[in-house]
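For reference, the structure discussed in these notes is given below.
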Amino acid sequence: MRILFVIPEIFGKAESYTRKDLAYIGFPSLTAAVIAALTPADIALDVVDEAISPFAGPENIALCRDADLVAISLNMTYKAKRAAELARQFRELGKRVIFGGVHVTSLYDFHRERFEKEIAPFADAVVIEEAELVWPKLIEDFQRGTLQKIYRSGRPEPRDIPAAKHGVQDTRAFLVKNSVQATRGCPFNCDFCSVTSFNGRVFRTRDEGAVILEVRKILESVERSGCRGVEKFSKSFVAFVDDNIAFNKNYFARLCLELEKVRSDFPAFRWGGQTTLGVIEKTVEIGGRTEKLADLMTRSGCAAMFVGIESVSKASLESVGKNFNQTERFSEQIGKFHDCGIMLNAGMIVGLDGDDESVFDGIFEFLVKNKVEISLINIQIPLPGTALYRRYKKEGRLIDDDWEHYDGRRVVFQPSRMTPERLERGFFELWESLYSNVSIIERLLSPAQICRALKSPAKLLQTCSRVRMNARYGEIASRIKAARFSGR
Ligand code: B12
Ligand code: SF4
């Protein structure tokens, strides 16, 4: 038996990212590699991630011809239409189609009428929640001809989450080539975030030993490939896809200590993850000593962190239940990350209920003043399944129900303190000015930063690559802004 696992993506629209943009901005999704690890060894699983290779290509069509079953991952809401379109085409070819992922689960659990209209007609079976506990049973049912319509898996215990089968997907196109997951869930439940409703409030941690083994295997394969220099550094970078990797500080400290050992065996190893700013100030009792998480992160090879800062306004943070972010401590916390040599990618949101037109200048000044290296700025998205969506629906503030527009670059709700047009224009102007040459120089090339960069070839290379990355983000912002506003 052969299964084709497809991750849809949207391209070809003036306002969307191009394949090159995504490869630059993103890192590979781990979904296919985890599903592959859950698939019995005698079953072949081919993967097509449209972020790398569009389905229209001849090899992919051939893969589809050979498949007995097609599985489509629908994690991101904005891909819903593309996923349905692909499913329709597969079914026309006589294939049976399975859906799974965050968006599918959100619709099934919270917006059943849309599930019935948008998913059910295209799916022979649907996996609700995480797949670990039901995927082998689904395959067995398919082989016996007893496929059911809905498989609800519940949340697996950490021991049931397998090591991902790296290598099922060709990730060479991505700037960051390796993803690993150590934990699932987040207890914070911020109003706009779908993690808590999908992965749960209980923070589940995989055995550190198993996670480390997975990382070591990736690095051993880099060693075997014989690559060197910049290529070796690039291939030895691991992105943790965890939504809040440091939530349990004791677990995180143990993980860092193990990663430090990995680094001493593989000096090119570096890693990045996603966390909250406050982590950098925490300490932990471990091995009879008090350790700063900042030191553990530095020693373990942490090179970059995505931090959900979201807003510099207390009122706005409060409006989405994220007041554990302490605005008055932001500058100091960012400075501490920088002192550890950790580059920040700040997640910022515009259009929160406390935001008026001053939000754009406020965020710009904050990011420049604190020399934040990269920022992923988004317009707030009321994602299905979240408290934010339910509140806006109740208040009659959802103005666009086309899921394709729920990508963070469009306004799909009525903002509270400005017009949708003002919000969208302000967002694009902020995005573009943040990546203008002046801003890049101010954030990355101050005299002190240049002096530091000149101290070693590695630091110089790092600075050059950050500047290149910013310039690329600038091109993306300008292109999409021009596309959005042409003809207006
Ligand atoms: C990797 C990733 C990306 C990569 C994607 C690369 C790619 N090729 O697809 C990049 C960085 C590009 C990206 C971008 C964005 N992302 Co993203 N991303 C992730 C991330 C961090 C990891 C995904 C992953 O590997 N998870 C680990 C695997 C094991 O878990 P899983 O995918 O949930 O899979 C399990 C189940 O869902 C289920 N399952 C999933 N699919 C299927 C399919 C079948 C058939 C079956 C049976 C089961 C099944 O089984 C798996 C095992 O249990 C997730 C967060 C997360 N922790 O999941 C966000 C996440 C998917 N992203 C999200 C969002 C919102 C975005 C952006 C829109 C953010 C933005 N505003 O810019 C952008 C979109 C970019 C664009 N084109 O416009 C949201 C989606 C929520 C939603 N409802 O839309 C998530 C969930 C994060 C969050 N909670 O906010 N992202
Ligand atoms: S935004 Fe971050 S901190 Fe808040 S619930 Fe989501 S993952 Fe947790």
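The values are calculated or read from the model by the stated rules, or taken from the named source; none is laboratory data. Nothing here was measured: the structure is a model prediction, and the numbers come from that model. A quick note on method: Cβ atoms are made from the backbone with ideal geometry, for glycine too, and the neighbour counts reach across all protein chains shown.
From the list Thr183, Thr196, Thr205, the lone residue that is within 16 Å of ligand 2 (Cβ to nearest atom) and free of Cβ contacts under 8 Å to residues at least 12 places away in the same chain is Thr196. Determine whether segment 318-338 contains at least one residue that is in the same structural domain as Arg472 (by TED's automatic domain parsing), in a strand (DSSP E or B) and not small (Gly, Ala, Ser). So far as segment 318-338 goes, no, none of its residues is in the same structural domain as Arg472 (by TED's automatic domain parsing), in a strand (DSSP E or B) and not small (Gly, Ala, Ser). Yes or no: Ser29 more than 24 Å from Phe240 (Cα to Cα) and among the hydroxyl-bearing types (Ser, Thr, Tyr)? Here the answer is no, as Ser29 does not meet what is asked.
Only one of these conditions is not met by Ile286: (1) farther than 30 Å from Arg254 by Cβ; (2) more than 16 Å from ligand 2 (Cβ to nearest atom). Which number is it? Going through the list (1) farther than 30 Å from Arg254 by Cβ; (2) more than 16 Å from ligand 2 (Cβ to nearest atom), Ile286 breaks only (1). Which of the residues belonging to segment 2-20 are more than 8 Å from ligand 1 (Cβ to nearest atom) and either part of a helix (DSSP H, G or I) or at pLDDT 95 or above (or both)? Those that are more than 8 Å from ligand 1 (Cβ to nearest atom) and either part of a helix (DSSP H, G or I) or at pLDDT 95 or above (or both): Arg2, Ile3, Leu4, Val6, Pro8, Arg19, Lys20.
From the list Gly301, Gly278, Gly288, which residue is free of Cβ contacts under 8 Å to residues at least 12 places away in the same chain and more than 16 Å from ligand 1 (Cβ to nearest atom)? The conditions single out Gly288. The residue list Leu255, Leu296 contains one member that is within 20 Å of Val195 (Cβ to Cβ), in contact with a helix residue (DSSP H, G or I) (Cβ under 6 Å, 6 or more places away or on another chain) and not assigned by TED's automatic domain parsing to the domain that holds Leu352, which is Leu255. Being under 14 Å from Asp49 (Cα atoms), within 8 Å of ligand 1 (Cβ to nearest atom) and surrounded by fewer than 23 Cβ atoms within 10 Å (Cβ to Cβ) is the filter here, so list the residues in segment 72-106 that pass it. Passing the criteria: Asn75, Met76. For segment 22-49, the set of residues classified as closer than 26 Å to Asp402 by Cα, assigned to a helix (DSSP H, G or I) and within 8 Å of ligand 1 (Cβ to nearest atom) consists of Leu22, Ile25, Thr31, listed by residue number. Can you confirm whether Ser416 is in a helix (DSSP H, G or I), hydroxyl-bearing (Ser, Thr, Tyr) and surrounded by fewer than 18 Cβ atoms within 10 Å (Cβ to Cβ)? Taking the combined requirement at face value, the residue does not satisfy it. As for segment 172-180, it holds no residue that is surrounded by fewer than 13 Cβ atoms within 10 Å (Cβ to Cβ) and at pLDDT 95 or above. Taking the criterion of being assigned to a loop (DSSP other than H, G, I, E, B), more than 16 Å from Val34 (Cβ to Cβ) and touching a Pro at 6+ places or on another chain (Cβ under 8 Å), the only residue of segment 93-136 that qualifies is His111. Per the listing Asp401, Asp361, the residue uniquely in the same structural domain as Arg466 (by TED's automatic domain parsing) and not in a loop (DSSP other than H, G, I, E, B) is Asp361. Quick check on segment 370-378. Is at least one of its residues in a helix (DSSP H, G or I) and among the basic types (Lys, Arg)? There is no residue in segment 370-378 that is in a helix (DSSP H, G or I) and among the basic types (Lys, Arg). In this entry, Leu383 is excluded by the filter for residues that are more than 16 Å from ligand 2 (Cβ to nearest atom), of a type in the set (A, V, I, L, M), touching a residue at least 60 places away in the same chain (Cβ under 8 Å) and within 27 Å of Met305 (Cα to Cα). Here the condition is being surrounded by fewer than 16 Cβ atoms within 10 Å (Cβ to Cβ) and assigned to a loop (DSSP other than H, G, I, E, B); of Gln148, Gln143, it holds for Gln148 alone.
Let's see how each residue does on (1) out of contact with any strand residue (DSSP E or B) (no Cβ under 9 Å at 6 or more places or on another chain); (2) among the charged types (D, E, K, R):
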| site | (1), (2) |
| --- | --- |
| Ala387 | yes, no |
| Asp400 | no, yes |
| Arg422 | yes, yes |
| Ile441 | yes, no |
| Ser446 | yes, no |
| Cys451 | yes, no |
| Leu461 | yes, no |
| Tyr473 | no, no |
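Inspection of segment 54-62 finds a residue satisfying the criterion of being modelled with pLDDT under 95, more than 14 Å from ligand 1 (Cβ to nearest atom) and surrounded by 15 or more Cβ atoms within 10 Å (Cβ to Cβ).
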